[in-house]
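Asks: Take a look at this one; I'll ask things after.
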Amino acid sequence: MTSFLNLVVPPATMMMLAFSWPALCFINACEWVYNTLYTIEDMDGKVVIITGASSGIGEQIAYEYAKRRANLVLVARREQRLRAISEKARYLGANSAIVIAADVVKEDDCRRFVNETVNFYGRVDHLVNAASLGHTFYFDEVTDSSVFPILLDINFWGNVYPTFVALPYLHQSNGRVIVNASVENWLPLPRMSLYAAAKAALVNFYETLRLEVNNDVGITIATHGWIGGEMTRGKFMLEEGAEMQWKEEREVQASGGPVEEFARLIVSGACRGDAYVKYPSWHDTFLLFRVFAPNVLNWSFRLLLSAHGTRRTSMVGVGKPISEGGTGRYLMETTSPRKLPAGPITFSKTE
């Protein structure tokens, strides 16, 4: 029976999709227009918590909510940077903006900033989980595994803990959780193994949570391709301390859309009640190859990478020397760049 279904179900499903695709597209378009005209949420006076708000996508999301006159709670480790962003947010139209220095991978910190928000505003309407941490190293080149839990903590638990703490208040307000995911959750790319694994776990967690909360709390999963934020420009923050590190450029120079455009789409989609926001949406075409012709996708990536030179370690701290001609450099957050020390580089936490 299983063999028979393996032969019959895939072509039958493809034929059904081919015939129903125009109708499905028309229904989706009508739903989008209706939601845009009649169900868009007025954020004036609503309370929005944004984690990872000190740079990149989180910062731009704060500005988009500010234009809608929301009350903002900006959360990140860099308090001084948050203060500058809060000033700009108020200038753009935010009713108010408070900053809270916190670490999203620590449950106590998450409980603290959520409780402070409720004590100050009395409610939580939107929780935006924008904290994220990327890497571009080959897994078999890593000699210091201390980087592994840091990447998984920030990309997974750094989203789960704030959601866990804020969920009771989001139930009360029929609020919404907005998740900053990535196309790598289903389209793994070389040198991003742990990042892709964390994002896949994150998306599956929220897809399950969506079913559990039913319609009491909305969930918007935003997936992006290659975005020109601090993560892809090379900045890397340790879980402990305020150190920043720069990575070398990737072999494949992918020019993604601007962070500002993605942030605008996220906020618009969240206010419209969309379950998904995808930018750019053409990345979905790779899903067909992933399902029906995975070997073609693998061959394409291998050809693309082989055309751009040999392997290079490209994240400071993986325990191997930077290759000759590399551009990796070390940078403290409040100082100018300085040269890397000679010899192998080790990854260590700041006490």
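The values are calculated or read from the model by the stated rules, or taken from the named source; none is laboratory data. Worth saying up front: this structure is predicted, and the values here are computed from it rather than measured. Here Cβ is always computed from backbone atoms with ideal geometry, including for glycine, and neighbour counts include all displayed protein chains. Note: accessible area is taken over every heavy atom of the protein model, side chains too, but ligands, DNA and RNA are not part of it. Shrake-Rupley method; radii C 1.70, N 1.55, O 1.52, S 1.80 Å.
Asks: Can you tell me the equivalent ellipsoid semi-axes for the range 51-93? Use √(5λ) from the Cα gyration tensor, largest first, whole Å.
Replies: Semi-axes, largest first: 15, 10, 8 Å.
Asks: Given 4 °C and 1.567 mPa s, compute D for the range 1-118 with the Stokes-Einstein relation, Rh being the Kirkwood radius over Cα pairs; round to the nearest whole µm²/s.
Replies: For these conditions, the coefficient is 74 µm²/s.
Asks: Moving on to the next point. For Arg302, Arg69, give the ranking by accessible area with the largest first, probe 1.4 Å.
Replies: Arg302, Arg69
Asks: Ignoring any ligand, DNA or RNA, what whole percent of the accessible area of the range 4-56 comes from carbon and sulfur when the probe is 1.4 angstrom?
Replies: Accessible surface attributable to carbon and sulfur in the range 4-56 totals 76 percent.
Asks: At 7 Å along Cα-to-Cβ for each site, give me the label-to-label distance between Met1 and Tyr34 in nm.
Replies: Modelled inter-label distance: 3.8 nm.
Asks: On to the next question. Per residue, how many Å² of accessible area does the range 121-209 show with a 1.4 Å probe? Kindly include the intermediate steps, with their values, before the conclusion.
Replies: Working: 2850 Å² over 89 residues.
For the range 121-209, the per-residue accessible area is 32 Å².
Asks: Between Glu261 and Met16, 0.36 nm times their residue separation minus their Cα-Cα distance comes to what?
Replies: Using 0.36 nm per residue and subtracting the Cα-Cα distance, I get 84.7 nm.
Asks: Once amide H atoms are built 1.01 Å from N in the peptide plane, which residues 5 or more positions from Arg191, or in another chain, come under 5 Å H to H?
Replies: The list, which skips near neighbours in sequence, is Phe139.
Asks: From the mean inverse distance of alpha carbon pairs (Kirkwood) and the Cα radius of gyration, derive Rg over Rh for the range 55-124. It would help to have the intermediate numbers written out before the result.
Replies: Working: Rg = 11.6 Å, Rh = 12.1 Å.
Looking at the range 55-124, the ratio lands at 0.96.
Asks: If you don't mind, another one. Could you rank the peptides 127-134, 264-271, 281-288, 116-123 by their average count of other C-beta atoms within 10 Å per residue, with the highest value first?
Replies: On the way: 127-134: 26.6, 264-271: 21.9, 281-288: 12.1, 116-123: 15.2.
Put in order of decreasing packing, that is 127-134, 264-271, 116-123, 281-288.
Asks: Next up: Per-residue accessible area for Thr13 at 1.4 Å probe radius, Å² rounded to 10?
Replies: 60 Å²
Asks: Modelling each spin label as a point 7 Å along the Cα-to-Cβ direction, I'd like the Val291/Leu304 distance in nm, to one decimal.
Replies: 2.0 nm
Asks: Sort His171, His135 by accessible area with a 1.4 Å probe, largest first.
Replies: His171, His135
Asks: Dividing the Cα convex hull volume of the range 104-158 by residue count, how many Å³ per residue is that?
Replies: 75 Å³
Asks: Please give the per residue volume of the convex hull enclosing the alpha carbon atoms of the range 163-210, rounded to a whole number of Å³.
Replies: Normalising the Cα hull of the range 163-210 by residue number yields 70 Å³.
Asks: Here's a follow-up. Mind checking the per residue accessible area of the range 1-89 for me, 1.4 Å probe, whole number of Å²?
Replies: 60 Å²
Asks: If you don't mind, there's one more thing I want to ask. Divide, for the range 1-68, the radius of gyration over alpha carbons by 2.2 N^0.38 Å, where N is the residue count.
Replies: Working it through for the range 1-68, the quotient is 1.96.
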